Amino acid sequence: MNFQFDSFASFIAMNGHGPFVWAAYGITFAVLAYLLASPLLQRRRFVREQARQQRIANRNPD
Amino acid sequence: MTEVTVPGSAGGSATTFSMFWATLRRDLLLAIRNRAEMVNPLVFFLIAITMIPLGVSPETKTLAAIAPGLIWVMALLATLLSLDGLFRSDFEDGSLEQMLISPQPLYFTVLAKVMVHWLVTGLPLTLMSPLLGVMLALPSGGYGPLCITLLLGTASMSLIGAVGAALTVALRKGGLLLSLIVMPLYVPVLIFGASAVHNAVLGSVINSQIAVLGAFLALAIVLAPLAAAGALRVSSDG
Amino acid sequence: MAWQWFHRLGSPRWFYEKTQAWLPWLTAITLVLLVVGSIWGLAFAPADAKQGNSYRIIYIHVPAAFLALAGYYIMAISGAIGLIWKMKLPYMVMKSAAPIGAALTFVSLVTGSIWGKPTWGTWWEWDARITSMLILFFLYLGIMALQQAFHSRDTGDKASAILALVGTVNIPIIYKSVDWWYTLHQPATIKFVGESSIHPSMLYPLLIMVIAFYCFYALALLLYTRAEILRRESRTQWVNELVARQAGSVNHDIPVKGGSAV
C-alpha cells in the first residue's frame, strides 16, 4: 500500500480528474456535516426556548 | 357475480356483496348526475395532447415517434387530476364516516368506489385514445395495443391513486400533494404501458408486457384497497 | 423477559437517557472510519485502469446509495412498528429518518452526476441506477411533504407511515421496471461502466466507507430522534427538569469561572 501520487500537487490534480473528485467529496462532507449540525442546533434552540419559558413561568407563579 | 342469492352462502358475505353493489350503483348514479365533472379529465386529455404539435412540431415523423409515450403520459396526468374527488365529496358530506363505522368490510366499499372512478375516467380515456392517436399520427400497429395497455394501466392507476386520495382526503389543498405522492408509484405502469405500445409499433410481440401489466393490476386489486382503507381510517380524523 | 427491551422502546425517555452514553463512542468511531476510509480511497488505493482517478468517487457514491435505500426500509419498518404496536418512539424515528435518507439520496445523485461527467461525458445520463435513485428521492420528498401537511402530528405520523409501507411494496417493482426499461433503451456506446473486476486493494477502503456510512447514519438518526423526542415531550416533567439542569449549568458556570479567574 503506497501513496499513489508523485507529489502533493499531483494528488490535488488527480490527472485532470481533481475538480470532479474534490467537488464530489466536498459536497458529500458538507451534507454529512449539515446532517450532524442540524439536530444539534435544533436541540440547542429548543433548550434555550424552553428555559426562557420556564423563567417567565417562575417570575409569574400562577 | 350473481351468486349473491345462493342459499348455501353465509349471510355475511351476501350482505357484503349487496353492500358492494349498492355502493357501486350509488356512486355511478352520482357520477352520471355530475356529468360535467366526469368530462373534465377527458377535455384535459384532449387539450394537453393538442399542445404537443404546437409545442414540439406538427411533422408526422416526429409526432409518430413520440406518440405512444405522450398519450400514455397524458393519460397518467388526466387520471391523476381526477383522483382528488375520489373520496372528497363523501368526506365533506359525512357519508365517509358512515362507511368507516359500518360493519361491512371497508375493502369492498373502497373497491366499489375505485371501480366507479375507473368506469368514469379510465374507461372513457381508453376509448378516446385512438382518436388522439390519429391526431398524433400513431402508426397503424399501435392502436390495438394502446387500447389494451390503457385499459389495464388506467385500472391500476385508479387503484394506486386511491391510496393517495385516501391519505389526502382531509387536506383542503391536497390536490398537488396527491400528485406528488402518487406519481412516483406510477412509474412501473408507465414504463410497461408506453413501451408495449412503442414495441408494437416497431412490430415486436408484446404479450409479456401485457402480462406484466395484468400482474400489476392483480396485485393492485389485492393490496391497494387494503392500503386505501387503512389510510381512510387514519387520515379522516385529522 | 426477553421482550422487556421491546416494551422499553415505547418510552422516549428511556431511549433518550440510554443513548446518551452511546453518542461519544459512535461519534468517535464514525469520524475515525470516515477519515481512514476517505484518505485510503483518495490517496492509497490504486487508480482504475479504465477510469483513472475519477473512480475514487465510488468511495462516497456507493455507500451513500446503500444507505439511501436501507434508510427507506428503516423508515418504513419504524412506521410499521408504530402502526402495529401504537408506540410513540417509532414515529419519532420515522420522522427523523426521512430527511437523512433524502439527503443521502441527494448525495448519491450528485456524486453520480459528477462521476458521470468524466466517465460518460455528460452530467446526466438516464442510467438505470441513477433513474431509480431519482425516483427514490421523489418517494422521500412525498413522505416528508405528507408528514408536514397535517395539522395533527399524530395523523401526519400515521399517514406517512402508510405511504412509506406502500412505497416498500413498490420499490422492488420500480427497480425491476427501470432496469428492464434501461436494457430496452441502453445506448451501445456507454456499456463499459466500472463493471471491470474490482481489485481487493480497491475493495478494502470501500468496505471501510460502507461501515463508516452505516455508523454515520446511526449517529445522525440518534441525534435527530433525540431532538424530536425533546420537542414532542416538551410538556413532560423529565424534559422540564432536563432543560432546567442544562440552562442552570450554563448560568452557574459563568460566575464560577469568573471567580476562579479573579
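Of note:
- Residue-wise HN-Hα couplings along the range B:61-68, as the Karplus relation 6.51 cos²θ - 1.76 cosθ + 1.60 with θ = phi - 60° gives them from phi, are 5, 4, 4, 4, 5, 9, 4, x Hz; Gly and Pro carry x.
- Per-pair calculated FRET efficiency, R0 = 25 Å: A:Q53 and C:A21 via Cβ, rounded to 0.05: 0.30
- Placing dummy labels 7 Å off each Cα toward the beta-carbon, the span from C:L31 to C:Y204 is 2.5 nm.
- Set of lysines near C:K176 by C-alpha distance (under 23 Å), chain-local residues within fewer than 8 positions excluded: C:K191
- Spatially close Lys pairs in the range C:1-106, defined by Cα atoms under 28 Å apart and a spacing of eight or more places or different chains, total 4.
- When the Cα gyration tensor is reduced to axis lengths a ≥ b ≥ c, the ratio a/c is 1.5 or higher for chain C, and with a/b not above b/c it is classed as oblate.
- Across all directions, the average projected area of the convex hull around the alpha carbons of the range C:206-247 is 3.5 nm².
- Rounded, prolate or oblate (a/c below 1.5 giving rounded, otherwise prolate when a/b exceeds b/c) for the protein assembly as shown by Cα gyration tensor: oblate
- What separates the Cα centres of the range C:73-88 and the range B:115-182 is a distance of 32 Å.
- Label reach from C:I211 (point 7 Å along Cα→C-beta): in the range C:50-70, amide nitrogens under 19 Å belong to C:59-67.
- Within chain C, the whole DSSP H helices whose Cα atoms reach 15 Å or more along their own axis and whose mean Kyte-Doolittle score is at least 0.5 are C:22-39, C:58-85, C:89-120, C:128-149, C:200-232.
- FRET efficiency for B:S140 and C:K50, using Cβ-Cβ distance with R0 set to 60 Å, rounded to 0.05: 0.85
- Ratio Rg/Rh, restricted to the range B:137-238 and using Cα atoms, in which Rh is the Kirkwood radius: 1.09
- A Förster radius of 51 Å, combined with the Cβ-Cβ distance separating B:R172 from A:D6, puts the computed FRET efficiency at roughly 0.20.
- Most positive-pole-ward Cα, B:V116, C:A80, B:N207, against dipole of the protein assembly as shown from beta carbon charges: C:A80
- Global geometry of chain A, whether rounded, prolate or oblate, following the gyration tensor of its Cα atoms and the 1.5 cut on a/c: prolate
- Distance between the 7 Å Cα→Cβ label points at C:L184 and A:A37: 4.5 nm.
Quick note: the coordinates plus some simple rules give every number you see, no bench work behind them. Nothing here was measured: the structure is a model prediction, and the numbers come from that model. Positions of Cβ are backbone-derived with ideal geometry, glycine not excepted, and every protein chain shown enters the neighbour counts.
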